[in-house]
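Here it is, the structure in full.
The values are calculated or read from the model by the stated rules, or taken from the named source; none is laboratory data. Being a predicted model, the structure only gives us computed values, none of them experimental. Because the Cβ atoms are built from the backbone with ideal geometry, glycine has one as well, and the counts that use them run over all protein chains shown. The accessibility values were calculated without ligands, DNA or RNA, using every heavy atom of the protein model including side chains. Shrake-Rupley method; radii C 1.70, N 1.55, O 1.52, S 1.80 Å.
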Amino acid sequence: MVALTRIYTRTGDKGTTALATGERRPKHDLRIEAYGTVDETNACLGLARLHTAGEPIDTMLGRIQNDLFDLGADLATPESDKPLKHEPLRVVEAQVDRLEREIDELNGELESLRSFILPGGTPAAAALHLARTVCRRAERLTVELSTRPGEIVSPAAVKYLNRLSDFLFVAARWVNDKGARDVLWVPGQNR
């Protein structure tokens, strides 16, 4: 259990922050950017959930928000030769598998797409599309981090972000009255 007794610590006043291992890094470090963008994705989901309360998808989004804290903890705890005081929390394949099942469940209720869609329709769909684009940024940063020498990122973490963006696309269509309120892209409409 986490206990926060003070919100400000002043330890970041010089532009650094601590990883879960205690190591301090600049706040612009790619690892910090990656898990910060995961946190931003989570905040977008909180906004989306204002519009999904009482719907079955809200329970899924709640589980995903918890998973994103797991993912943030995973990214904030780089693998190291130094022993840790606790077992690091890592995203696992079962979390990816659950997302795939939920994608299939929601997508099974949708008509096939015949056009790209524009973000919008209902407020819930617009918020989920925003979360999807932020998630894609988190994925790009995490993949870039995984290519840096000495930076290890679990394959499950990368897979989770990739599936999550797919889930958010399908979820946005689902909350758009199962695709009936999707806003279709009309190529060259304004030429």
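Between a first residue in segment 137-153 that is closer than 15 Å to residue 32 by Cβ and aliphatic (A, V, I, L, M) and a second residue that is in a helix (DSSP H, G or I) and open to solvent by 60 Å² or more (accessible area, probe 1.4 Å), which pairs have beta carbons less than 6 Å apart while being 6 or more apart in sequence or on different chains?
Every condition considered, the pairs that remain are 141/33.
What are the residues in segment 19-32 that are free of Cβ contacts under 8 Å to residues at least 24 places away in the same chain and touching a Lys or Arg at 6+ places or on another chain (Cβ under 7 Å), if any?
25, 32
In segment 55-64, what residues are surrounded by fewer than 16 Cβ atoms within 10 Å (Cβ to Cβ) and touching a residue at least 12 places away in the same chain (Cβ under 8 Å)?
55, 62, 63 - these are the residues of segment 55-64 that are surrounded by fewer than 16 Cβ atoms within 10 Å (Cβ to Cβ) and touching a residue at least 12 places away in the same chain (Cβ under 8 Å).
Hey, could you check segment 3-54 for residues that are open to solvent by 30 Å² or more (accessible area, probe 1.4 Å) and of a type in the set (Ser, Thr, Tyr) and say which is nearest to residue 133 (Cα to Cα)?
Once the filter is applied, the top-ranked residue is 35.
In segment 156-191, how many are open to solvent by less than 60 Å² (accessible area, probe 1.4 Å), in a loop (DSSP other than H, G, I, E, B) and either modelled with pLDDT under 95 or out of contact with any Ser or Thr (no Cβ under 8 Å at 6 or more places or on another chain) (or both)?
Selection size over segment 156-191: 3.
Here is a yes/no grid of residues against (1) free of Cβ contacts under 8 Å to residues at least 24 places away in the same chain; (2) aromatic (Phe, Trp, Tyr); (3) more than 17 Å from residue 167 (Cα to Cα); (4) in contact with a His (Cβ under 8 Å, 6 or more places away or on another chain):
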{"site": "5", "(1), (2), (3), (4)": "yes, no, yes, no"}
{"site": "17", "(1), (2), (3), (4)": "yes, no, yes, no"}
{"site": "34", "(1), (2), (3), (4)": "no, no, yes, no"}
{"site": "45", "(1), (2), (3), (4)": "no, no, no, no"}
{"site": "48", "(1), (2), (3), (4)": "no, no, no, no"}
{"site": "53", "(1), (2), (3), (4)": "yes, no, yes, no"}
{"site": "82", "(1), (2), (3), (4)": "no, no, yes, no"}
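Considering only residues that are without any contact (Cβ under 8 Å) to a residue 60 or more places away in the chain and of a type outside the set (A, V, I, L, M), look in segment 164-185 and name the one that is farthest from residue 67 (Cα to Cα).
Going through segment 164-185, the residues without any contact (Cβ under 8 Å) to a residue 60 or more places away in the chain turn out to be 165, 168-169, 172, 176-177, 180.
Narrowing the set further to residues that are of a type outside the set (A, V, I, L, M) leaves 165, 169, 176-177.
Values: 165: 14, 169: 18, 176: 24, 177: 26 Å.
The extreme case among them is 177.
Now, a different point. Out of (1) surrounded by fewer than 16 Cβ atoms within 10 Å (Cβ to Cβ); (2) among the acidic types (Asp, Glu); (3) under 11 Å from the mean Cα position of the chain (by Cα), what's the single condition that is false for residue 67?
Among (1) surrounded by fewer than 16 Cβ atoms within 10 Å (Cβ to Cβ); (2) among the acidic types (Asp, Glu); (3) under 11 Å from the mean Cα position of the chain (by Cα), residue 67 violates only (1).
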